[in-house]
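To start, the structure under review is shown below, and the notes come after it.
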Amino acid sequence: MRAESSPAARTGAFIAVALALFCIQLDFFALNLAVPGIAEEFGVTASAAQWTLSAYMLAIGCCFIVGGRVGDVFGRRGILLAGTTLFAAGSVGCALAPGLWPLVGARIVQGIGAGFVFPVAVSVITNVFPDTTRARALGAAFGIANVGTALGPFVGGGFTEGPGWRWIFWLLAPLSVLALIVAYVCVPDSRDLSAPRQLDLAGCLALVCALAALTLAVERGSAWGWDHARTLTLLAVAVVAGGLFVLRERTARHPLIDARLFRNIPYVLVTGAGSVTNMGYAVTVFVSTLYLQQVRGLSPLQAGLVFLAPAVLVALSGPLGARLSAHMRPTVVMALAGTIAGTGMVMLSHVTTGWLYVVVFAWCGLGLGLGWTFASVATQQVVAPDRAGEASGVLLTFLVTLGGVALAAAAAAITAMTPEWSPEAAYDAILRAGGAVILAASVVVMAVRHRLVVLGQVPPLGSRPTHGGSPP
C-alpha cells in the first residue's frame with residue numbers, strides 16, 4: 001500500500017525523515033572523540049568506556065533487518081514514531097547517566113531506536129514520493145543526514161573540550177522530539193499489503209543472536225584478543241545462529257528476508273559496492289583520527305576542524321548522487337564513487353603537506369560518502385516499493401556489520417605492525433590496502449554489468465535512464 005502523496009504529506013515526511021537521520025548520523029560520529037572524556041569523568045579505563053560505542057553498534061546492527069521488515073508488515077508510520085521515541089528517550093538517558101553502565105544501557109536504547117528508524121525512514125520516502133522525484137528526495141534527505149556526519153567529529157570534539165560530552169545528547173534530545181512531532185502530524189502510513197500481519201519470530205531470534213554475537217566479537221575482539229575464549233565463543237555462536245537463520249528462512253511460511261532479494265543481481269551489486277565503500281569510510285575515519293592526533297599532534301577540536309572539509313563533501317554527496325542517477329545507471333554511479341574513494345585513499349597515504357592533506361581528504365570524503373549514501377538510493381530503484389524496508393534493512397546491516405569488521409581489522413593490523421613500523425607507516429599501508437580493495441570492487445561491478453549486458457539482462461550504457469530510476 002502506497003502512502004498518500006499529497007504535497008503536505010511529502011513535505012512533512014521529508015522533514016521528519018531528514019531530521020531523524022541527521023540526529024542518528026550526528027550521534028554515530030560525535031561520540032568517538034568523547035570516549036576519553038567519558039573515561040575521565042567516570043574514572044574508568046578507555047577500554048571500558050569503549051562500551052558506549054560497542055553497545056550502540058550492537059543494538060543498531062541487530063535491528064536494521066527486523067525494523068525494516070516490521071515496518072513493511074505492520075505499517076511504517078508507527079514504527080518510525082516508535083523508533084524516534086526510543087532514540088529521543090535514549091538521548092535523555094545518556095545525558096543524565098550517573099555512571100558508565102547506565103550510559104551503556106541508554107546507548108542500547110538509542111541504538112534500538114536508530115535501528116528501527118533508519119530503514120523505515122528510507123522506505124517512508126520511497127512510498128510517499130512518486131517515481132519522478134523519489135531519487136532526488138532520498139538524495140536530499142541523505143544530504144541533510146550527512147551534515148550530521150560532517151558535524152559529528154566537530155561537535156564531539158568541541159563539546160568534549162568545552163561544556164562536556166553530555167551536551168552531545170542534550171543537543172540530540174530536542175531535535176529528536178521535533179522529528180517525532182513532525183512525523184506524528186505529517187507522515188501517512190503505508191505497508192506491504194501482500195504480506196500478512198505476521199512476523200517470523202523464530203527467524204528474528206536467530207538473526208538477532210547471530211548479529212549480536214558477530215558484532216560483539218568484532219567490537220571487543222581487539223580488547224579481549226582474537227584468540228581469547230570469549231571472542232572465539234561469540235564467533236561460533238554467530239556461525240551457528242546464522243546457519244539456523246538460513247535454514248529457518250528456507251522453511252518459514254512468511255520469511256523475514258525473501259530469498260529472491262539475493263537473486264536480484266542489481267541489488268547484490270549495489271549492496272556489495274556500497275558495503276566495500278563503507279568499509280573504506282570506517283577505516284579512513286579511524287586511521288585519519290589517529291594520524292591527526294598522534295602524528296600531527298592536533299587536539300580533538302583541531303582534528304574535528306580538519307574533518308569539516310571531507311565532511312562537507314560527504315554532505316553534498318547525497319544530492320550529487322540523486323542528480324547523477326538521472327543520467328547514469330546506478331551501478332555506474334557506484335563504480336564512479338569507488339574510483340574516487342579508492343584513488344583518494346591511496347593519495348592520502350602519500351600526502352605530507354597540511355593543506356594538500358585537507359584537499360585530498362575532501363576528495364576522499366566525496367567518493368566514500370557518495371558510495372555509502374547512493375547505495376541506499378540505488379537499492380530503492382531496483383526493488384519493489386512494497387519491500388523497500390526489507391531491502392533497506394538488509395543493505396544497512398551489511399554496511400554497519402562489515403564496517404565494524406573493517407574497523408576491527410584495521411585496529412588489529414595497526415597493533416601487529418607498530419612494533420616494527422612507525423605509526424605513520426602503518427596508517428599509510430592500511431589506507432593503500434583499503435584503496436586498492438575499493439578500486440578492485442569497482443572493476444568487478446563494471447565487469448559483472450558488462451556480462452549482464454552481453455546476456456541481454458540489462459540495457460547498455462548508451463541507453464538513457466528512465467526518469468524515476470533505472471536498471472543497473
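The values are calculated or read from the model by the stated rules, or taken from the named source; none is laboratory data. Nothing here was measured: the structure is a model prediction, and the numbers come from that model. For neighbour counting, all protein chains shown are included, and Cβ atoms are generated from backbone atoms with ideal geometry for every residue, glycine included.
With 179, 121, 150, 114 as the choices, which residue is crowded, with 24+ Cβ neighbours inside 10 Å, at pLDDT below 85 and part of a helix (DSSP H, G or I)?
So the residue among 179, 121, 150, 114 that is crowded, with 24+ Cβ neighbours inside 10 Å, at pLDDT below 85 and part of a helix (DSSP H, G or I) is 150.
Of everything in the range 228-255, what is touching a Phe, Trp or Tyr at 6+ places or on another chain (Cβ under 8 Å) and either crowded, with 18+ Cβ neighbours inside 10 Å or on the phi > 0 side of the Ramachandran plot (or both)? Give them in sequence order.
Hit for the range 228-255 is 231, nothing else.
For residue 212, indicate whether it is touching a residue at least 40 places away in the same chain (Cβ under 8 Å), in a helix (DSSP H, G or I) and either buried (at least 20 other Cβ atoms within 10 Å of the Cβ) or not assigned by TED's automatic domain parsing to the domain that holds residue 250 (or both).
no
Quick check on my filter: what residues within the range 385-443 are charged (D, E, K, R), surrounded by fewer than 18 Cβ atoms within 10 Å (Cβ to Cβ) and in a helix (DSSP H, G or I)?
Selection gives 424, 432.
Say whether the condition of being crowded, with 22+ Cβ neighbours inside 10 Å, touching a Lys or Arg at 6+ places or on another chain (Cβ under 7 Å) and part of a helix (DSSP H, G or I) is met by at least one residue in the range 284-295.
no
Being assigned to a loop (DSSP other than H, G, I, E, B) and of a type in the set (Gly, Ala, Ser) is the filter here; which residues of the range 215-269 pass it?
225, 252
Out of the range 415-448, which residues are of a type in the set (S, T, N, Q) and within 21 Å of the chain's Cα centre (by Cα)?
Scanning the range 415-448 gives a single hit, 442.
Being surrounded by fewer than 22 Cβ atoms within 10 Å (Cβ to Cβ) and not acidic (Asp, Glu) is the filter; apply it to the range 217-227 and report the residue that is nearest to the chain's Cα centre (by Cα).
The qualifying residue nearest to the chain's Cα centre (by Cα) is 220.
Going through the range 240-260 one residue at a time, which ones are under 23 Å from the mean Cα position of the chain (by Cα) and free of Cβ contacts under 8 Å to residues at least 40 places away in the same chain?
Across the range 240-260, the qualifying residues are 242, 259.
Counting residues that are surrounded by 24 or more Cβ atoms within 10 Å (Cβ to Cβ), touching a helix residue (DSSP H, G or I) at 6+ places or on another chain (Cβ under 9 Å) and without any contact (Cβ under 8 Å) to a residue 24 or more places away in the chain, which helices (runs of 4 or more DSSP H) fully inside the range 1-82 reach at least 2?
It comes to none.
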